1. Report, ordered by chain and residue number, the lysines lying within cross-link reach of Lys214, taken as a straight Cα distance under 28 Å and ignoring same-chain residues fewer than 8 apart.
2. For every helix of n ≥ 4 consecutive DSSP H residues, a contribution of -39,500 (n - 2.57) applies; sum these over the chain, divide by its total residues, and give [θ] at 222 nm rounded to the nearest 500 deg cm²/dmol.
3. Can you give me the convex hull volume of the Cα atoms of the stretch 54-103, divided per residue and expressed in Å³?
4. Can you check what the Kirkwood hydrodynamic radius comes to for the stretch 231-279, Cα pairs only, in Å to one decimal?
5. When you have a sec, figure out the Kirkwood radius of the chain from all distinct Cα pair distances and drop it here in Å to one decimal?
6. When the Cα atoms of the stretch 136-227 are enclosed in a convex hull and the volume is divided per residue, what value in Å³ results?
7. Run the reach check for Lys159 against lysines, Cα to Cα strictly under 16 Å, same-chain hits fewer than 8 apart removed. What comes back?
8. Quote the accessible area belonging to Phe241 in square angstrom, nearest 10, computed with a 1.4 Å probe and with ligands, DNA and RNA left uncounted.
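The values are calculated or read from the model by the stated rules, or taken from the named source; none is laboratory data. Not measured: the values here are computed from a predicted model. We place every Cβ from the backbone using ideal geometry, glycine too, and count neighbours over all the protein chains shown. Heads up: the accessible areas ignore ligands, DNA and RNA and are worked out on the full protein's heavy atoms, side chains in. Shrake-Rupley method; radii C 1.70, N 1.55, O 1.52, S 1.80 Å.
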Amino acid sequence: MIAKSVAGILICLSAFFASAQTASVAKPAYEVYAIRYASIPDFPVNALISGADPARKFSIAMTVWLLRGNGHIILVDSGFYRPQFFKQFKVDGFLKPSEAVAQSGITPAVKPEDITDIIITHMHWDHAGGMDLFPNARIWLQKDEYNYYTGEAWQPSGKHGGIEPQDVRAVVNLNLAGRVTLVNGDAQEILPGITCYIGGKHTFQSQFVGVNTKAGTVVLASDNMYLYENLEKHVPIAQTFDSDSNLRAQDRTKQLAASPQLIIPGHDPAVFDKFPKVSDHAVRIE
C-alpha cells in the first residue's frame, strides 16, 4: 500500500512539474494588424505574378504590419517616404508610415516613438525606406542581406535593383548607432513568439515572419507572395532571382501557418476586405 501511495504521489508530482514546465515556455500571443499607408494604382499584374496577362492592372496596397504583445510594439517593414518615388510612381492616399501608424485607429494609440522593433523583410525601397522614422526602434535584418547590400551589391558584378542608396546609408547609420541586430539564418526566434524564416530570392536574403497569436501562427509573407493569387495558383512572383526558391518559400508558409487564411501577402488589397476593420486603412489579422 505504501509503495502504491508513493508511486501515486510521484506520478502526481511528475504531472505537476510537466504542466508547470509547459506553462513556463508558453509563447506570448501577439495582436497583428495590417496598415495600408498608400496605394499604387494601375499597377501591372505581370510585374507581380509570373506569366500574368500584361493587360491586367489594379491598385496595389502598400502595407506595413504592426505586432503588439509581450511588452513590445513591432513593425514588420517600414514603408517608404523619400520624394524620388513619387516622381517614379503615381501614389494615392499616401501617409508617411510613421503617420499611418499614429492614425491607424489601433487602441491604445501608437506613436512613432513607441515602436520598439522593426523587422525588415528585405531591403527594397518600399519595405525598408521608413526605418529611420521610428527613433527608438531596434532593426532586425538578415545578416547576409545587410552584408550584401552594404558591399558586394554595388560592385560591377552585383545586383541592387530596387535598393535605394539612401536606405543603405540609413541602415549603416543605425548600425553605427548600435540599433541593428543581424538575424543569422533560418528559423531564428528573435523575440518570444516571433520567428524569422529565410524566404525566396526576391532579394539576396529576404525573410518572412511567423507570429504567435491566439488564433495560432500568422505568417507575414511580405513579398514572398505579392498576392493571394500567387499562393492559390502556386505561381512564383515575377520579381525574383530564383523562381523555385520562391515557390519553396510559399510552400513553407503553408506548413507554418495555423491555417491558409493566416498567410498574409505583401501587396494584396484583399487583405483589407478579409479581416475586421479597425479604421479606413487598418485591419486586425485574426
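1. Lys27, Lys111, Lys254, Lys274, Lys277
2. Result for the chain: -8000 deg cm²/dmol, rounded to the nearest 500.
3. Taking the convex hull of the Cα positions in the stretch 54-103, it is 113 Å³ per residue.
4. By the Kirkwood definition, the hydrodynamic radius is 12.2 Å.
5. Values: mean 1/r = 0.0505 Å⁻¹.
Averaging 1/r across every pair of different Cα atoms and inverting gives 19.8 Å.
6. Taking only Cα atoms, the stretch 136-227 has a hull volume of 120 Å³ per residue.
7. Cα-Cα hits under 16 Å: Lys201.
8. Rounded to the nearest 10, the figure is 100 Å².
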